[in-house]
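These notes concern the structure reproduced below.
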Amino acid sequence: QVQFVESGGGLVQPGGSLRLSCAASRSIFRFNILGWYRQPPGKERELVASRSRGGDPTYTDSGKGRFIISRDNIKNMLYLEMNGLKPEDTALYYCNVYPANENYWGQGTQVTVSS
């Protein structure tokens, strides 16, 4: 079992940037793939980006070219750097393993993009 705690969200203007952090309660090295997910208002939760233990990151269309996912296996942290934010990026952002484990969802961190 592991607990993930997300932070770093907030209100940002269109075009702005945010860096999200996810702290794990135990070693993340045991997890091959970790991912960032988001749930926009009134929509289903979706994968945004994922990163394997030692491989290249993978992005869905929603984050490609604007988001950067990274992981620190020593500090047990996962990060998501988001640039060029758009109003449609407004969502509750979560981290989890990939594929997602229903027992690992945290509270998420809210990102609101608005002028």
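For region 1-37, the list of chymotrypsin sites (Phe, Trp or Tyr not before Pro) that fall in a loop by DSSP and count at most 16 other C-beta atoms within 10 angstrom reads Phe29.
Please report the accessible area of Val113 (heavy atoms, 1.4 Å probe, ligands and nucleic acids excluded) in Å², nearest 10. Using a 1.4 Å probe on the heavy atoms, I get roughly 10 Å². Counting heavy atoms of the protein chains alone, Lys75 has an accessible area of about 140 Å² for a 1.4 Å probe.
Enter the accessible area per residue of the chain (Å², integer; probe 1.4 Å; all protein chains in place). Write down the numbers at each step before the final one.
Values: 6080 Å² over 115 residues.
Result: 53 Å² of accessible area for each residue.
Rounded to the nearest 10 Å², what accessible area does Arg66 show when all protein chains are kept and the probe is 1.4 Å? The value for Arg66 is about 40 Å². For region 42-99, chymotrypsin sites (Phe, Trp or Tyr not before Pro) are listed when DSSP marks them as loop and at most 14 other Cβ atoms sit within 10 Å of their Cβ; the list is empty. Taking the accessible area of region 20-98, probe 1.4 Å, and keeping the other protein chains in place, the carbon and sulfur fraction comes to 49%. With all protein chains in place and ligands, DNA and RNA left out, the 1.4 Å accessible area ranks Tyr98, Tyr104 as Tyr98, Tyr104, largest first.
The values are calculated or read from the model by the stated rules, or taken from the named source; none is laboratory data. Note that the structure is a prediction, hence the values are computed from the model and not measured. Using ideal geometry, Cβ is built from the backbone for each residue, glycine included, and neighbour counts are taken over all protein chains shown. Heavy atoms of the whole protein, side chains included, go into the accessibility calculation; ligands, DNA and RNA do not. Shrake-Rupley method; radii C 1.70, N 1.55, O 1.52, S 1.80 Å.
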